[in-house]
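Undergrad: What follows is a single structure, and I will ask about it in a moment.
The values are calculated or read from the model by the stated rules, or taken from the named source; none is laboratory data. The structure displayed is predicted, hence computed values, not measured ones. Here the Cβ positions follow ideal geometry from the backbone for every residue, glycine too, while neighbour counts run over all protein chains shown. Only protein heavy atoms, including side chains, enter the accessible area calculation; ligands, DNA and RNA are left aside. Shrake-Rupley method; radii C 1.70, N 1.55, O 1.52, S 1.80 Å.
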Amino acid sequence: MRGRLFFLPVVLLAAACSEPVFDGDWSTYGQDKGGMRFSPLTQITPENVNQLEVAWVYRLRPPGVEMVSGGFGFGGQTIPEGARRFVQSEVTPLVVDGMMYISNPYGRVSALNPVTGEEIWSYEALTSTRGVEYWPGDAEHGPRVIFGGQGGLIALDAKTGLGVPGFGENGVLAGTGGSGSSPPLVLNNMIISGSANPGAESSEASSFGARSGIAEAQSNNMIRAFDVVTGALLWSWSPLPKEGEPGYDTWASGSVERQRAVHLWGGMTGDEERGLVFIPLDAPDWDRYGGDRHGDNLFGTSLVALNAHTGDYVWHFQLVHHDIWDFDNAAPPTLFDIVHGGETIPAVATIAKAGILFLLDRRTGEPVYGVEERPVAASEVPGEMAAPTQPFPLKPEPLARVSMTLDEIAQLTPEHTEWCRNFIEENNIGVGGPYNPPGWNRPTVTFPGTNGSVNYGGVSYNPQLGLLYVNSQDLGQITGIGLRGGERTLVIDTSGAGPGENPMIPYEMTGVLGRFKQPETNMMCNEPPWGSLYAVNVHTGDIAWRVNLGVTDSLPEELRDTGRPNLGGTIATASGLVFVGATDDSRFRAFDGRTGELLWEILLDAPNHSVPVTYLGDDGKQYLVFPSTGGSFLRDPAANDALIAYRLP
């Protein structure tokens, strides 16, 4: 299927699918608590989308403020005059009751007028890059904006931006953590929050273990629920199981007791009717070598369902066993119904960086279309015991490249092909896969790479069409393992932390490291497509269509349709549109959700690496809003500070 556009019939099952009731707002990160990212609005259509024009632009960078990101998560510290001017934003604004709420990478949370873009209030805080959460209030308490900041969870009066009395100290619940990447989840009047990925808090620290004792590190892994009114702790759950708990025996010789990290850094979703919260978890730390943690290592790179009222474990599904590829489960899971075999199945979709989509029964965690364990390559690193098999769903097939042969080197230009062949041969780079493990004293390339086919962007879903949409990329990662102190030759854009000062790990990444591409041209060495947009029919498990996403501007026009690396996500609308930015070619696009036809494309001043939003303004017009800043795990420069709104004339 690679490189081809193909179509399967779309089954219209709107009447058979249960749908949440929506209005014109966008009141939580995923639009609804189940994260479908679907808007009921129909004012912008496939016929008029190409008429969209800029309604307003809000500048994220306050006048006179020079700041720099403190890593992948929290915005950081003020820097001297002349230093880097712009900071990345991955924000997904919330729009509720005539107010827009955003987290700002320049150290603030702000409320805007969603029709004009004018600032209403601003609160200084270092907070998550992807947004905030909202609680509508009750008979006694007004609505609140809630987010994780350095120092704890924060609750603000949604109308005034002032800290809420009675919630911690003037709205700050100190010492409660909170993800440095994604907002918490408000579910059933509880705030559910995970710890920050420690690597997000410091660009210089390579491992939390190097800066913290094991007990403290494990405490900071906890998933916690707090009362939304008082901030009282209601329950906590650890992704690192204790003896006698489910998952403990998947860590050989009790190695979980000296393990520092399995984090929640992606977004959560919840099933309010069934009282379940779904937790996507990342790889164990260190995520390139597991010789100190033999076994499958639950709940690393897993989706875990917890009882939202008690925090009790309900079920899990592990997407990657014994993760040594940094294939985190970082995207919010998405909830919807599947009609299959004459039954309506409440389902959850989850996809890790490995690019393999699992459609599960959200009551039990059982795969709807079956799953099989397939043999994968063994590791050659001394002491390592890679998992002998990995799970693959019978449907759908992987939504990204998961392996490569030497016959699949890019053939776009003779010069690029020659560079890539020489690069592979001169550095003895091992190809293969799926789940090609890091090499011993030599590099190997793994697809789709540590940046993931799908990172935090996840999926969107149109319940009227039964189609799930996901943008993915094929950006391989070169990794080699050697003894500490070995020579490291960074090619470009290395990703992921080293083992820090953990005495149990005698190795580190060495040799040629980085993305599998030619730095000078920013062209990948594997044949295109390098970026794709997929639609999956969830009622059959089949891929309905796939198109290339992104262009390589440096190539001749007839060769530019390569697809590009992308980070960010899609949204879907009831008019049948799919909106997505994400690509490093600085475009934003709209597609026909039924066929994959490109309907609208604009060139931005900087890439958009967020999930966009659409909403109905008080003026009766439908708006589309997203940041255009650049800056991401793709290492494109942060080159702008715009939050842009579009609407029809």
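Undergrad: What distance in nm separates the two pseudo spin-label positions at ARG59 and GLU397, each 7 Å out from Cα along the beta-carbon direction?
TA: If labels sit at ARG59 and GLU397, their model points lie 5.0 nm apart.
Undergrad: What lysines could a cross-link reach from LYS517, if we take a straight Cα to Cα line under 26 Å and drop same-chain neighbours fewer than 8 places away?
TA: Hits, sequence-local ones excluded: LYS353.
Undergrad: Rounded, prolate or oblate for the range 557-649? Axes are the square roots of the Cα gyration tensor eigenvalues, ordered a ≥ b ≥ c, and the cut-off for rounded is a/c under 1.5. Kindly include the intermediate steps, with their values, before the conclusion.
TA: Numbers: a/c = 2.04, a/b = 1.25, b/c = 1.64.
Oblate, because a/c is 1.5 or more while a/b does not exceed b/c.
Undergrad: Would you mind getting the accessible area per residue of the chain, heavy atoms of the protein chains only, 1.4 Å probe, in Å²?
TA: Numbers: 21740 Å² over 649 residues.
Ligands and nucleic acids excluded, the result is 33 Å² per residue.
Undergrad: Right, here's the next one. If a/c stays under 1.5 just call it rounded; otherwise compare a/b with b/c (prolate if a/b is bigger, oblate if not). Do that for the chain, with a ≥ b ≥ c from the square roots of the Cα gyration tensor eigenvalues. If you can, show how the numbers build up before the last one.
TA: Values: a/c = 1.30, a/b = 1.13, b/c = 1.14.
It is rounded, given that a/c, with a ≥ b ≥ c, falls under 1.5.
Undergrad: Would you calculate a helix-derived [θ] at 222 nm for the chain, using -39,500 (n - 2.57) for each DSSP H run of n ≥ 4 and dividing by the full residue count, to the nearest 500? Show your work: numbers first, answer last.
TA: Numbers: 2 runs with 19 residues, N = 649.
Helix-only estimate at 222 nm: -1000 deg cm²/dmol.
Undergrad: Now for a different question. List the aspartates and glutamates whose Cα sits under 19 Å from the Cα of LYS33, skipping any in the same chain fewer than 8 residues away.
TA: Filter leaves GLU19, ASP23, ASP25, ASP97, GLU133, ASP138, ASP227, ASP271, GLU272, GLU273, ASP337, ASP361.
Undergrad: Oh, and also: Quick check on the range 353-436: take the gyration tensor over C-alpha atoms, sort the square-rooted eigenvalues as a ≥ b ≥ c, and tell me if it's rounded (a/c under 1.5), prolate or oblate. Each step should come with its number before you reach the end.
TA: Working: a/c = 3.96, a/b = 1.74, b/c = 2.27.
It is oblate, given that a/c is not under 1.5 and a/b is not larger than b/c.
Undergrad: What is the distance in Å between the Cα centroid of the range 364-397 and that of the range 290-315?
TA: 17
Undergrad: What is the mean projected area of the alpha carbon convex hull for the range 319-400, to one decimal in square nanometres?
TA: Working: hull surface 24.1 nm².
Taking a quarter of the hull surface, the average projection is 6.0 nm².
Undergrad: Using r as the Cβ-Cβ distance of GLU426 and GLU273, and R0 as 56 Å, what FRET efficiency do you calculate, to the nearest 0.05? Don't jump to the answer; show the numbers that get you there.
TA: Values: r = 58 Å, r/R0 = 1.04.
Calculated value: 0.45.
Undergrad: Taking the Cβ of ARG587 as the centre, find all other residues whose Cβ is under 12 Å away and add up their charges (Lys, Arg: +1; Asp, Glu: -1).
TA: Around ARG587, the surrounding residues sum to -2.
Undergrad: Which percent of the accessible heavy-atom area of the chain goes to carbon and sulfur, probe 1.4 angstrom? Please list the in-between numbers first.
TA: Numbers: 10770 of 21740 Å².
Accessible surface attributable to carbon and sulfur in the chain totals 50 percent.
Undergrad: Just how large is the dipole of the chain about the Cα centre, in debye to the nearest 20, putting +1 at every Lys and Arg Cβ and -1 at every Asp and Glu Cβ?
TA: 220
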